[in-house]
1. Give the carbon-plus-sulfur fraction of the accessible surface of region 15-58 in %, rounded to a whole number; probe 1.4 Å, heavy atoms of protein chains only.
2. Would you calculate the separation in nanometres between label points at residue 145 and residue 228, each defined as 7 Å from the Cα along the Cα-to-beta-carbon direction?
3. Give me the accessible area per residue for region 187-258, probe 1.4 Å, as a whole number in Å².
4. Run the numbers on region 192-279 and let me know its relative contact order in percent, using alpha-carbon pairs under 8 Å that are six or more apart.
5. Quick one: what are the phi-derived ³J(HN,Hα) couplings along region 125-137, Karplus 6.51/-1.76/1.60 with θ = phi - 60°, whole Hz, x for glycine and proline?
6. Starting at the first residue of region 267-273, write each ³J(HN,Hα) from the Karplus equation 6.51 cos²θ - 1.76 cosθ + 1.60 with θ = phi - 60°, in whole Hz, x for Gly and Pro.
7. Carbon and sulfur together cover what percent of the accessible area of region 89-218 at a 1.4 Å probe radius?
8. Accessible surface of residue 19 in the full protein assembly, 1.4 angstrom probe, to the nearest 10 Å²?
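The values are calculated or read from the model by the stated rules, or taken from the named source; none is laboratory data. Just so it is clear, the structure is predicted and the values come from calculations on it, not from any experiment. Here the Cβ positions follow ideal geometry from the backbone for every residue, glycine too, while neighbour counts run over all protein chains shown. Only protein heavy atoms, including side chains, enter the accessible area calculation; ligands, DNA and RNA are left aside. Shrake-Rupley method; radii C 1.70, N 1.55, O 1.52, S 1.80 Å.
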Amino acid sequence: MDFSFVYEIQHNAAFGPLIVLYFFLAGLSAGLFLISALSTVFGWQPVKPLAKPAALMALAALIPGLLALVADLGRPFRALYLFFNVNPTSIMSWGSFILLFYGIVCVPYIWFLWQGQVKRVKLFGKIGAVLAVCLGLYTGFLLAVVPGKPLWNSALLPVLFLVSGCVAALSLISLTKKVFTQEMVPGADYESALHTLKVWFVVLEVYLVSFHLLTVFFLGAQGELTVMNLLAGEKAFTFWGIQIAVGIVLPLILLSLIQSSATLGLVGVFSLAGVFALRYNFVFGGQELPTVGTQLYHQGGGMEWLSVIVLLALGVVLLFVLPYLSRRVFHSTSSKSISS
């Protein structure tokens, strides 16, 4: 007599809520730096009033993002191993240095931007823009090189993460521009520029999501199951309800019908939720269909989501504190230089 034994295998989810938050904040920071560089490096004058606040917000988003990454390790000092054990064939090894150099460049860029030293701003802006593009792409590459995960294993994913990071950056600026934009350039129509950029980036995000899912769907049975898990499975609500309806459809409708500050602010909230949902759907959706077994187990659970909320709150605090501190520091510095 033959017997068949079926075992319920639990698969550990390597990437949890803290990694979702890290991907979200890293892409947001990269997008904010690129928006700041549009005027300081590329000379696009309509967005010049946004250069300073976008640079400060890039730093404010980066700090809790790095804390989320370190907290996910469990033993934070392990992060130092990446700098002492360099592996040129590892995307994670490359990413650690991209994060390090990007964070280092952000500080003098902001300093010289507030000091009005145009040549040095342009120099650090060029270096920072390259690193910001690398950072936005890197979070997608980190997933795209993982074999056996159809939802991740696509060359479109890094581009999608970079574009959605820019969408999140434009959304945050739309939401906070009245608070943080201190200096206006006469005749600069930055609201119209924001509106135009936002529409084009959201449309590009729609195309990338569609092409990516179509590519994954036709990879084979595993790819088809992965896509159907998003469209009609456990991730259907967060995909259709938040990522698509709230994050893409509503913003496009509002932006096409009404052009006002209040509309841009409301669209900003919706788009930020949609971009976070995109990161959540792709990180967890890519892990939910293991080859063997049916359960996905993630250690941490509620405590990690609590950490996500705390770090998001820290990011909001930094959004208010950094502009205030910068005004105090640079005002006192300029006062001293005038008196001397």
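1. Working: 620 of 870 Å².
Here it works out to 72 percent.
2. It is 3.3 nm.
3. On the way: 3680 Å² over 72 residues.
Accessible area per residue: 51 Å².
4. On the way: 61 pairs, mean separation 24.4, N = 88.
Relative contact order, region 192-279: 28 percent.
5. With coefficients 6.51, -1.76 and 1.60, one gets x, 5, 4, x, 5, 4, 5, 5, 4, 4, 5, x, 6 Hz.
6. 4, x, 4, 4, 5, 4, 5
7. Values: 4320 of 5890 Å².
That fraction is 73 percent.
8. Accessible area, nearest 10 Å²: 10 Å².
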